[in-house]
Amino acid sequence: MSAAEGAQERWIGPEIHSLEDINARVSAPILAPSHTWRWWVALAVSGSLTIVMIVTVTWLFAHGIGIFGNNTTIVWGFPIANYVWWLGIGHAGTLISALLLLTRQKWRASLNRFAEAMTLFAVTLAGLMPIFHLGRPYYVYWIVPYPNVQGVWPQWRSALVWDFWAVGTYITFSILFWYAGLIPDLAMLRERARSRTARRLYGAFALGWRGSARHWEIHDRFYRYMAALAVPLVVSVHSIVSLDFAASLEPGWSDTIYPPYFVVGALYSGFAMVVVIAAVLRWACPFKPFVTVRHFEMIAKVLLMASIIMGVSYATEWFWSWYSGNRSERHLVVFLFTGPYAPLYYCQLLFNVVVPQALWSGRVRRSIPAVVIIAIIINVGMWLERILIVWATLSRDYLPSSWRIFLPTVWDWLLLFGSLGAFMFMFMIFVRLIPALPAHELRRRWLEENAA
Amino acid sequence: MSPLSGRLELNRRAALKGLAAAMAASMARCSQPTEEIIPYVNMPEGMVAGEPMRFATTLSLAGYGRGFLGISVDGRPIKMEGNPGHPFSLGATDIFAESEVLTLYDPDRSSVIRRKGAIATWDDFAAEWNRVAQTNDGRGLALVTGRTTSPTTLARIDALRTRFPALRWYRYEPVNDDASRAGGRIVFGRVVTALPRWSDADVVLVLDGDPLGHGPDELRIARGYSSRRNGKNRRQRIHVAEPVWTLTGATADFRIALKPGHVREVARLIANGLGAQLGEPRLPDYAHAFAQRVSQELQSAKRRALVLTGEGQPAEMHALCHWINSQLAAPVDYFPPQDPFENDHAYELKSLADDLHARRIKALIVVDSNPVYDAPDMLRIADGIADVPFSAHIGLYRDETAGCCKWTLPLSHALETWGDARALDGTASIVQPLIQRLYPTRTRDEYLAELANEPVTDAYDLTRNSWRKGAPAGGDFEKQWRAALHDGVIAKTAAQPTTASSSRIATLPYAAPQHELVLQLSPDTSVWDGRFANNAWLQECAKPFTRQVWGNAIQIAPADAAKLGIADEETVDVTVGGETVSAPAVIMPGQADGVVAAGWGQGRLSAGRIGTGVGARTCGLGTHPFARSLAGAVVRKSARNVPFRSLQAHTRLNGRTEDLFQIATAGELAPRHGKAAPPPNMLGIPNRGEYAWAMVVDTDACIGCNACVVACQAENNVPVVGPEEVTQGRDMHWLRVDSYARPHGYSLRRGFEPVPCMHCELAPCEPVCPVEASVHDHEGLNVQVYNRCIGTRFCEANCPYKVRRFNWFDYSGAQAYANEGPSLKAQHNPDVSARGRGVMEKCNYCLQRISRARKTAEKQEREIAEGEIVTACQAACPTRAIHFGDLNRANSDVSQLRATPQHYVLLADLNTRPRTTYLKRVYNSDETA
């Protein structure tokens, strides 16, 4: 890479003067927090929401699934929408990390660590949601094929069993991938940590990393192979999740567009969440030189592209329900536009397709507050999309005599917001324990950029 | 310390320790009960533990007896079924009969004698009664009962009158036949019970009546109706003119919505056509054409034409219909009334009020009646009773009247005691107990016998004695008695029909033009006159047209609703003569303009934990008791908000229902050639086993009476969820009756489609279950393994018919409506497991009945015979609309019905290949006027 190219492709701010600067800033939130009050405020808010979630789940287990707004017709509700939404968010991390690594996108280095952490937390929450949704959550292990005296196995044709494997594989892989990328940074912390216990712990997890050329060589190769495995995996997970709906008989669900539609939607909401988290980290930690306006601009472009694909997906759905000639399919689209959920549906279209078009403007893309607001709007819009997929089809399927409307209860909302709190809470803990940015990759980036 | 391996060391200390411990243990154990328990060493003959036994008994509705069979398991009655031998059951049941087992175990039943609310003893009561009885000869003594046909009870009342010659007996029944009685007096000079032979009529015209609606004659008429629908006999044409939708209206080939006044003009036109000179009928044009056409049809079908009216119409109208029927030589049997009482019901209740307020009553005994609730508020019955020095209420519940009376005496339930009753035609049957009395209660006869100071006061002896007296001399009474108990009918007790023809014709006054709204009242389709209000099955049994549960509604015609600016399900206030009730409004297309309608029987103030405060009390309106029509009703939006709770949110599904509820015209039903090939399937069809169970539901015969729904609930331990859960959109019925409406000309066609599980051969619920809780069994049933279910609910999400039901809470255990008392558990069918929280459940074609039949057949080394398995819904159905059997047998009922051109499959294009299929609703012709 030439020096001229490096100057054009500058992703690290001029505040950085040495490699030690990078190490100091990256480890600052762990070793020398300068703005701890911000962290404590965030921890208090997210902690109390986490307690809300714990109370909700306790109440749920004590009283039964009936505390939610589900009814005889709309048997699925918030937990399923939350599941799909959180899992979607959980896609961006690994994808940013792996796909951008493989395509040699240089801006990746500033984002991949916390994006992957986001993946872990989001997938954890997503994985809990279907359990909360069960009528008898204490028997969830029955979908696991474990040897038992009755010789009873899961029912392999069910998309829910595929789900279990898809999500289980994804989270296992994501942990490994994340950990693999973390090893050199753990070694850095081993050297820098002040307390003996911390040094020992970081040391143990650094697996004896010494930074020798051979270590780097093996690490690089291993990491790239992992990335190559990760990309198809990411695509497969939400494809399989979409089969929860697509492998059914219901109007509006039984569509072949569902797998790609879900994958794009997942990336879309995931990238939007990365924007929000990046902005928060930039505010709370000394990461300004690493997470620059240009990073936001890049993600904004991805969001813009995804919003167009989402628009095309929606239009495709409308077209096919008309083209199918199926009365129930057609009625469902009419119902979305005119039924009691119509305001939500218009919000969904506005938030996911119309509002992001503002990103065509370079000024908007380069304004961090604007991009963050749009990202939040997209996340709301994507949640609306998930809940409407569940509600609309079940509210209006084949027999009009069973048509009903979903009326959410306070517990539905508490679980949703509680899970947001739990997500934030886990993040707060994460930034104080583990480098939120990959110091070793940033060092390499800086060296490349400043080679001249 | 094993005695084999180690040395046993037992020194003095250890021995003492052991001794002390043993003594302490022996003192701490439970004390042995002193009662003796006796195993069935000598089993009662015929009884096998756990095997259901059927006993014939009699349940009364509005005072008329109807014979049923009670199913008893190990001494607990758990289910009612029809008695094929009884002419007013014919093997079928209705919702009231089905729900009696729940009433029996209702923990809210009155169970002890109370004096002003405090528990007292019989001796306390007897002492006070003796004081009252000694001081008079019956002057000021009042007895209030409902309609009484029981020979034993009538004998008790005679005995009471012998002791107290001046006793005044008031008899009234809220759902009565006053208008029809008065009509009989006008035409025949006497009161008659007219029982139409529905099956003998080719043309039926019903003018504002509901013979197929709930009532003591429903089951007989419904069977007559279905006998003309099964393709074997020539079809019958039914025409209905009525202001408000009734079940009869829904069966009509052509139904026209007319104000009650206009309905009378139709009768006038028809009478004029038969030679009466009643003046020019004043009908709107479209109704005129209808009346003219029907008039011609009736005349050309003489001897086989029938005109019926209802209690909503005045005596003159009944008289005119009697006259028309006698001119047409209509198939109607006239019987002497079984109710010996002369006076009209409304008059009786009014006299009671007058006598109470005039303080002519010094002692009041109310037997199984509830005048405080039934009477209009204007009569101020409660105030009157409060002023009576001695008042006693004998009843199943501590109802509104009991609350006003000094003494509350608990009444035995019909399934606990002996007694008798007569049916509409005089057929007598014995009330036979299926269980020992649950509480220290007495029957009506026992109380009356005590009051009359009779020597015999035991229900069994009283009943037996009254039949021994009437038994033919020289006959073997014991044999006859046993036969009566076994058959559920006392032989040769039906009265002979009398001929009643008369040329006398009443004048029919023209109705004054009505500019105000008229409030039409009718008995509630779930809780009748209010006496069943505390029965949770009935409260959760959807009303046929509105599918409303837990309450009543004000039904209003679309034009009136638009005029008044009232939206569907909005709460309205209805004011009649200064009294107001609030209820949700339901806009009913096909209801006559200018008419608003509501049901009686809700709005109970003291029904029990289930029924109190549900719905609006409409019987308190007006001045005249039991008025079916209240003029001058004012309807306006209410400040209150009464939720409209319904099991089917969308009752009007215009343009979307052609293939869901299929109709055909009789001429269109050309026989099908060959079998329609089912759509192809990549995965193949699961092999059929030895049997292939299937159900065919005849929507043409279905009258929407809901008997199947309640029967299923009783048979399968289907829990009640309660109003809060219904508002949340939840219900547990395994079988629902969907209500359909389709515009037809200026009228509307309505029909019903019972939807149980379809038992699809390619069931969409099965592949989506992650734990294989939804599976096919070897006989083609789609069954749910409750123990395996983890509650993902994917099966219900993927069920196109939405027939699966989920236990959102512990409905069968800890939830409020299941947990009202331990006695309710006794009703549960021991062959059906109760489902826990978080588990999916659904119809399984009464699997327990199938497996019972299979066991019997296997023991006898034969196949299960056609018709050997009768599902609960099938057994209940008064029109035999539900057919069940084996598809593997080419000549079985269901196989043959599936081959008829009337057959259709619900959502056939989804290729789920349901085992439950339907027969189309058939209309005789397609005329729109």
## Note on the structure
All conditions in (1) surrounded by fewer than 23 Cβ atoms within 10 Å (Cβ to Cβ); (2) modelled with pLDDT of 90 or more are true of B:Q277 except (2)
### Summary
In segment A:68-93, residues that are more than 9 Å from chain B (Cβ to nearest Cβ), farther than 14 Å from A:T393 by Cβ and among the β-branched types (V, I, T) total 1
### Task
Considering (1) away from every other protein chain (no Cβ under 14 Å); (2) out of contact with any helix residue (DSSP H, G or I) (no Cβ under 6 Å at 6 or more places or on another chain); (3) crowded, with 16+ Cβ neighbours inside 10 Å, say which one A:W178 fails and leave the rest.
(2)
### Task
Could you tell me which of the residues B:R837, B:R862, B:R889, B:R852 is free of Cβ contacts under 8 Å to residues at least 60 places away in the same chain and part of a helix (DSSP H, G or I)?
B:R852
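Suppose we filter segment B:907-921 for residues that are within 11 Å of chain A (Cβ to nearest Cβ) and part of a loop (DSSP other than H, G, I, E, B); how many remain?
Step one: filter segment B:907-921 for residues within 11 Å of chain A (Cβ to nearest Cβ), giving B:907, B:909-912.
Next cut, part of a loop (DSSP other than H, G, I, E, B) only: B:907, B:911-912.
Number of matching residues: 3.
Go through segment B:143-185 residue by residue and tally those that are of a type in the set (S, T, N, Q) and part of a helix (DSSP H, G or I). Walk me through it before giving the result.
Filtering segment B:143-185 for residues of a type in the set (S, T, N, Q) gives B:145, B:148-150, B:152-153, B:162, B:176, B:180.
Of the ones still in play, those that are also part of a helix (DSSP H, G or I) are B:152-153, B:162, B:180.
Matching residues across segment B:143-185 total 4.
Within segment B:792-806, track down each residue that is out of contact with any strand residue (DSSP E or B) (no Cβ under 7 Å at 6 or more places or on another chain) and more than 7 Å from every other protein chain (Cβ to nearest Cβ). First the steps, then the outcome.
The initial filter retains those residues of segment B:792-806 that are out of contact with any strand residue (DSSP E or B) (no Cβ under 7 Å at 6 or more places or on another chain), namely B:792, B:794, B:797-800, B:802.
Hit for segment B:792-806 is B:C799, nothing else.
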### Task
Scan segment B:158-200 for residues that are under 22 Å from B:D425 (Cα atoms), of a type outside the set (D, E, K, R) and in contact with a strand residue (DSSP E or B) (Cβ under 6 Å, 6 or more places away or on another chain) and report the count.
5
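Please tell me if B:M758 is under 19 Å from B:G836 (Cα atoms) and part of a loop (DSSP other than H, G, I, E, B). It would help to see each step written out before you state the result.
On the way: under 19 Å from B:G836 (Cα atoms): no; part of a loop (DSSP other than H, G, I, E, B): yes.
So B:M758 does not fit the description; no.
Mind checking whether some residue in segment A:75-94 is small (G, A, S) and modelled with pLDDT under 85?
Going through segment A:75-94, the residues small (G, A, S) turn out to be A:77, A:81, A:88, A:90, A:92-93.
Checking the rest, the ones that are also modelled with pLDDT under 85 come to A:92-93.
Yes: segment A:75-94 contains one or more residues that are small (G, A, S) and modelled with pLDDT under 85.
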### Task
State which residue pairs qualify: first residue within 7 Å of chain B (Cβ to nearest Cβ) and at negative phi and inside segment A:396-415, second residue crowded, with 21+ Cβ neighbours inside 10 Å and aliphatic (A, V, I, L, M) in any location, beta carbons under 7 Å apart, and separation of 6 or more residues or different chains.
A:R404/A:I74
### Query
Filtering segment B:529-565 down to residues that are in a strand (DSSP E or B) and aliphatic (A, V, I, L, M), which residue is farthest from B:A97 (Cα to Cα)?
B:I556
### Query
Looking only at residues in segment B:592-623 that are polar (S, T, N, Q) and part of a loop (DSSP other than H, G, I, E, B), which one is farthest from B:T401 (Cα to Cα)?
B:T623
### Task
Being within 29 Å of the chain's Cα centre (by Cα), at pLDDT below 80 and aliphatic (A, V, I, L, M) narrows it down to one of B:L735, B:L683, B:L660, B:L653, so name that one.
B:L653
#### Entry: Residue, surrounded by the fewest Cβ atoms within 10 Å (Cβ to Cβ), within segment B:717-766, restricted to residues that are within 12 Å of another protein chain (Cβ to nearest Cβ) and of a type in the set (D, E)
B:E724
#### Entry: Filtered residues of segment B:510-528 (kept if touching a helix residue (DSSP H, G or I) at 6+ places or on another chain (Cβ under 7 Å) and part of a loop (DSSP other than H, G, I, E, B))
B:A511, B:Q514, B:S526, B:V527
### Task
Out of the residues in segment B:561-617 that are without any contact (Cβ under 8 Å) to a residue 12 or more places away in the chain and not hydroxyl-bearing (S, T, Y), state the one that is surrounded by the fewest Cβ atoms within 10 Å (Cβ to Cβ).
B:G578
### Query
Looking at segment A:241-255, which of the residues that are modelled with pLDDT of 90 or more and more than 13 Å from chain B (Cβ to nearest Cβ) is nearest to B:N911 (Cα to Cα)?
A:S242
### Message
Could you check segment B:126-138 and list, in sequence order, the residues that are over 38 Å from the mean Cα position of the chain (by Cα) and in contact (Cβ under 8 Å) with a residue 40 or more places away in the chain?
### Response
B:E128, B:V132, B:A133, B:N136
### Query
Is there a residue being in contact with a strand residue (DSSP E or B) (Cβ under 8 Å, 6 or more places away or on another chain) and acidic (D, E) anywhere in segment B:247-257?
yes
### Criterion (assigned to a loop (DSSP other than H, G, I, E, B), surrounded by fewer than 23 Cβ atoms within 10 Å (Cβ to Cβ), modelled with pLDDT under 95 and out of contact with any strand residue (DSSP E or B) (no Cβ under 8 Å at 6 or more places or on another chain)) met by exactly one of B:N233, B:N272
B:N233
### Message
Restricting to segment B:58-89, and then to whatever is of a type in the set (G, A, S) and closer than 21 Å to B:Q874 by Cα, can you tell me which residue is surrounded by the most Cβ atoms within 10 Å (Cβ to Cβ)?
### Response
B:S89
### Message
I'm trying to understand the selection: among the residues of segment B:345-391, which are among the aromatic types (F, W, Y) and either touching a helix residue (DSSP H, G or I) at 6+ places or on another chain (Cβ under 7 Å) or farther than 19 Å from B:E173 by Cβ (or both)?
### Response
B:Y373, B:F390
### All positions within segment A:309-354 that are touching a residue at least 40 places away in the same chain (Cβ under 8 Å) and within 22 Å of the chain's Cα centre (by Cα)
A:I309, A:M310, A:G311, A:S313, A:Q348, A:N352, A:V353
### Residues (part of a helix (DSSP H, G or I), buried (at least 23 other Cβ atoms within 10 Å of the Cβ) and not polar (S, T, N, Q)) located in segment A:395-417
A:L415
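The values are calculated or read from the model by the stated rules, or taken from the named source; none is laboratory data. Keep in mind it's a predicted model, so treat the numbers as computed, not measured. For neighbour counting, all protein chains shown are included, and Cβ atoms are generated from backbone atoms with ideal geometry for every residue, glycine included.
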